[in-house]
Structures are given as C-alpha cells and as structure tokens.
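Presented below is the structure to which this report refers.
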Amino acid sequence: MPTTDIEAPFVVSHNFCAIRANNVDDLLDRLREFNANDDLSEEISAFRSNVSNGQSHAAAVQTLKQGLNAEVIAETATTAASAAEPEVIMGKYGDKFTYGLVDAPDLPDGRQGKYIFREWTDKAGKARRAFVDPMKGPKPTTPADVEAKIIWK
C-alpha cells in the first residue's frame, strides 16, 4: 500500500515538540527538517530554563516560537491546564509561595515574569500576605540588580 493512501495522521512527539504529517513520506521530510535545525538543543534548553526561572509556560512557548520560527498547532488539555494553574510551594519555615497567579503584578525592572504571592507568619505571630520578588521564593530565578519592592495585601 503506498504511503500516500494512509488516511490517519502521523505524529512523532517528545517533550513539548510534535511533528505532524498526513502521510509517512511527509512525516519523514518534516523530521529531517526538524533535526537539521542546529539551534534546536539550545532552544529546548532555553525553554526549560525560562520555565524553571519563573517564566509562564505561555510566555516560554512564545519565546520558543520566535527562536525556532515555529507554530503551535494546539496544546494538550493537560498542558493548557497546568499552565493556567497556580503553583504553590511551601518554604522551609512554613511560608506559602504561590507562583503563576494571573492577577500578580508584572516585575517592574524589565525582567520577564510576575511577582509571586507569599503568605507567612512573622516573628511577632502576625499573619502577613504580600506580592514579593521571585528572588525571595524557593524556586531558582534569574537574579536582578535590585530587588522589586514588596506589595502588601
């Protein structure tokens, strides 16, 4: 049976990349073109670094799209849901840090990303809540020259 007669779409997927085609010949051509991109490993590393440094998934995808001149055809429901869900991490002293809040203010110093929301109890036993610079949180982030001012809630 010739490969052009196959009706089911073909997909090769790994991590966040998916190569799609309507037949095996097109899939092979697209895989070769994808593999020929010398910048690919660099772009994947940059994507992972951006996400682990607090950049939202959507922003990291946009950065990757520009770097590879690629197109996002569709996100899986899991990927879209995880990108929309805030991430809560408990600090070593019981502080609660929330990353990825949609309503968090943008960082003012030109860094990409948003403030994180911190909830904690101070030494006097008073409950505190504020948007703080991601450098104050438990996740690794890109250091800045100056820490962004705290925004009390």
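Here, each number is a calculation from the coordinates, and none is a lab measurement. In this text the structure is predicted, and so the values were computed from the model without any measurement. Because the Cβ atoms are built from the backbone with ideal geometry, glycine has one as well, and the counts that use them run over all protein chains shown.
Rounded to the nearest 20, the size of the Cβ-charge dipole of the range 86-152 about its Cα centre is 300 debye, with Lys and Arg at +1 and Asp and Glu at -1. Spin-label pair Asp122-Val88: with each label point 7 Å from Cα along the Cα-Cβ axis, the two points sit 2.4 nm from one another.
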